[in-house]
1. Could you state the orientation-averaged shadow area of the convex hull built on the Cα atoms of region 46-198, in nm² to one decimal?
2. Where does the chain land at 222 nm, in deg cm²/dmol rounded to the nearest 500, when only DSSP H runs of n ≥ 4 count, each adding -39500 (n - 2.57), divided by all residues?
3. Relative contact order (percent) for the chain, with alpha-carbon contacts under 8 angstrom and 6 or more residues of separation?
4. If I take R0 = 30 Å and measure r between the Cβ atoms of GLN27 and THR209 in this structure, what FRET efficiency does the formula 1/(1 + (r/R0)^6) give, to the nearest 0.05?
5. Let me check I've understood the local charge: for ILE264, count other residues with C-beta under 12 angstrom from its C-beta, Lys and Arg +1, Asp and Glu -1. What total comes out?
6. Can you tell me the orientation of helix 37-54 relative to the chain, as the angle in degrees between its alpha-carbon axis and the longest Cα principal axis, to the nearest 10?
7. Compute the acute angle (0 to 90°) between the alpha-carbon long axis of helix 143-154 and the principal axis of greatest extent of the alpha-carbon atoms of the chain; round to the nearest 10°.
8. Take peptides 57-66, 223-232 and line them up by average Cβ neighbours within 10 Å, highest first, as a rough protection proxy.
Amino acid sequence: MTDQFKKYLLPDHSTRVQAVKLTGAWQAGLVHQHYPDCVQRLLGELVSAAVLLATNIKFDGSLVLQLQGDGPIALVVVECTADLSIRATVTLREGHDIPADGTLQSLLNAHGKGRFVVVLDPNRDTTDLEPYQGIVPMEGDSVAQVLELYMRNSEQLDTRIWLASDAQNSAGLLLQRLPHHGGTAENDQEADDEAREETWTRICHLASTVKYDELLALDTDTLVHRLFWEEDLIAFEPQEVRWHCPCTRERVANMLRMLGRAEIEDILSEREVIDISCSFCGKPYQFDAVDCAGLFVDNLDTSHGEPKSVH
């Protein structure tokens with residue numbers, strides 16, 4: 001199993017260490033999506049970040065991370081469900097060139113109006129929790145810095161994140177200081193606080209030695225061992241990560257059916273087939289005249305799919 005999230009805990013329970021390495025799932029997400037290298041890198045980093053953060057959600061639902069831009073990139077969005085199913089996409093702004101050396105700030109915050117959005121979307125079928133949305137300015141020179149600032153200012157959690165991505169892999173490492181619940185005598189409390197502070201400082205120092213290329217090249221076990229080989233980490237069961245977009249041919253058919261027979265026939269009068277791609281994952285679907293005729297005689301599922309673009 002190559003696509004895994006792994007979680008560790010320091011012996012004093014003061015700090016959690018989380019790591020993810022995606023290969024198959026990341027490449028599956030790129031099959032129908034083709035972006036310039038600098039855009040693809042940002043998307044891949046946000047994908048691993050979403051996995052790292054979603055694993056700490058205590059409800060059945062989804063975590064959605066969005067980078068809303070005012071430059072060449074209009075939107076980067078990643079969704080990760082509680083079972084670590086991911087999907088992700090980028091919307092580029094028409095008429096804007098993508099420079100080869102594009103950065104987070106130049107691509108998404110060119111005029112200072114970029115925003116980072118976090119959405120917690122509970123499953124309405126299994127919980128009564130209400131959705132939550134947090135929006136902050138896009139501060140920082142990297143996806144990791146934006147996330148660290150958000151976690152510190154909005155969640156009051158000291159968090160350090162390292163992210164990396166290329167055409168083959170997406171990877172990430174997260175350290176998070178856990179709340180101390182006390183319960184000891186005052187003198188013991190002070191000593192315990194000092195020990196926990198020392199642990200956090202030491203672990204952050206060790207992790208800060210990681211290189212971008214190491215995140216991409218090393219498997220998670222090797223990476224964690226190389227960084228923390230002197231630490232007696234408590235390891236949890238690994239979790240599989242997979243790429244999944246719920247778009248299907250049946251859902252696309254339902255969308256076309258909702259357009260009505262007249263509009264479908266009008267489109268077919270100009271071309272032999274209707275080409276549609278999922279606006280989220282980019283998967284293409286094709287319907288010819290025979291397929292379209294069947295739309296209005298078959299008893300199709302009426303559930304709504306993702307918004308589609310028709311070509």
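The values are calculated or read from the model by the stated rules, or taken from the named source; none is laboratory data. Since this is a predicted model, take the numbers as computed values, not measurements. Glycine also receives a Cβ, built like all others from the backbone with ideal geometry; neighbour counts cover every protein chain displayed. The protein model used for the area step is the full one, side chains on, heavy atoms only, and it has no ligands, DNA or RNA in it. Shrake-Rupley method; radii C 1.70, N 1.55, O 1.52, S 1.80 Å.
1. Here the figure is 11.9 nm², rounded to one decimal.
2. -10000 deg cm²/dmol
3. RCO, the chain: 22 percent.
4. 0.60
5. Residues near ILE264 contribute -3 overall.
6. It works out to around 60 degrees.
7. 70
8. 57-66, 223-232
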